[in-house]
Amino acid sequence: MKIMNYPRREESWLPTLASAPRDEVFSTILEKLCSNGFFEVNDQLTHDAVLEALIARENRMTTALGEGIAFPHARLENLNKALFAVATFKEPVLFGDAPVQIICLILVPLSDPTVSLKIMAQLSRLLSDEMVKQCVMDAGNPDELRNIFSVHNLGIDKPILARDIMRPPRFSVNESEPASKCSHFMSTHNLHAIPVVNSDREILGEITVERLFKYGLPEFFGQLKSVSFIAEFDPFEKYFEDEQHALASDMMEATARTVSMDYTIMEIVFDLAVKSHPKLYVVDENNRWVGTIDKGLVLDNVINH
């Protein structure tokens, strides 16, 4: 199936719209996308119902992926066929704190949930090309905008990759950070794991909550069935003894799992669910950290997409 099977011929291409608050922009795009007989074909849907579904999904987790692009989407029980629209804005639309100038809005039937992720994946890959992205921003009318995507007419029958669902890098520490600062940072931001990176954004290792808990415990603890006979032992004594001089490099483990941007969704699920890695760190061809994937991200962007 080709991606150009999904946009409506004229209604899906919306260059240089006026900026407005996010939800007003959603409404404007829907007014254009869902015109010319749309609600006659999809007679159990209304403009307000579709808008409400888009807003509810966006409020759960933003679909702004960085680089000025967002992919708002909704799964609709009574939608006849998946479709999408591409809108551009000279002045950014704010998705929370994220400024967005290209919105790819996707609607899919509830019975075919993965198609939205596949459409999003192909649009995202295409727009990651800076030349294509600039052409999209420069398009002055619907025909020009449509032709940019028509020339490529990507297929969507491809596996979902790490690049399609990864979250941009956010929290990290360097190896010379005090261990106490790292543990406080993880507590404050409710992190189960945090990468240790160098100045080139290469992953050196990972600090996990489990590592902090086990720091200083004798190796034989792992073999015990019960600790009742040593219940008075303080498991954090060594941590507090070393707290003043211990660094991130002392706490990190070399178990951080780095994967390429072309890692498939099957490999991702295997590493997270079977290999029990808390996070996957996506790296580019130069081994620089470019994104993160964890179980929560997969749940929200794939299973609950």
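Structural remarks
- When ILE207 is tested against the conditions (1) of a type in the set (A, V, I, L, M); (2) outside the structural domain of ALA254 (by TED's automatic domain parsing); (3) at pLDDT below 95, the lone failure is (2).
- Restricting the range 164-174 to residues that are touching a helix residue (DSSP H, G or I) at 6+ places or on another chain (Cβ under 9 Å) and touching a residue at least 40 places away in the same chain (Cβ under 8 Å), the residue that is surrounded by the fewest Cβ atoms within 10 Å (Cβ to Cβ): ASN174
- Put simply, of ARG75, ARG60 the only residue that is farther than 20 Å from GLU31 by Cα and either among the hydroxyl-bearing types (Ser, Thr, Tyr) or out of contact with any Cys (no Cβ under 6 Å at 6 or more places or on another chain) (or both) is ARG60.
- Among residues that are closer than 23 Å to ILE156 by Cα, within 23 Å of the chain's Cα centre (by Cα) and not small (Gly, Ala, Ser), PRO99 is not included.
- Yes/no for GLU67 being farther than 21 Å from PRO142 by Cβ, surrounded by fewer than 17 Cβ atoms within 10 Å (Cβ to Cβ), acidic (Asp, Glu) and within 18 Å of the chain's Cα centre (by Cα): yes
- Screening SER183 with (1) in the same structural domain as ALA246 (by TED's automatic domain parsing); (2) of a type in the set (Gly, Ala, Ser); (3) touching an Asp or Glu at 6+ places or on another chain (Cβ under 7 Å) gives one miss only, at (3).
- Test: residue in the range 110-131 that is of a type outside the set (A, V, I, L, M, F, W, C) and closer than 19 Å to GLU31 by Cβ: no
- Pairing residues of the range 188-215 that are free of Cβ contacts under 8 Å to residues at least 24 places away in the same chain with residues that are of a type in the set (Val, Ile, Thr) and surrounded by fewer than 18 Cβ atoms within 10 Å (Cβ to Cβ), at Cβ distances under 9 Å and at least 6 apart in sequence or on separate chains, gives LEU191/VAL209.
- Residue within the range 32-49 that is under 22 Å from ASN147 (Cα atoms) and in contact (Cβ under 8 Å) with a residue 60 or more places away in the chain present: yes
- Restricted to the range 73-163, the set of helices (runs of 4 or more DSSP H) holding at least 3 residues that are buried (at least 19 other Cβ atoms within 10 Å of the Cβ), without any contact (Cβ under 8 Å) to a residue 60 or more places away in the chain and in the same structural domain as MET61 (by TED's automatic domain parsing) comprises 114-127.
The values are calculated or read from the model by the stated rules, or taken from the named source; none is laboratory data. For clarity, every value in this text was computed on a predicted model and none was experimentally measured. Neighbour counts run over all protein chains shown; Cβ positions are idealised from the backbone, glycine included.
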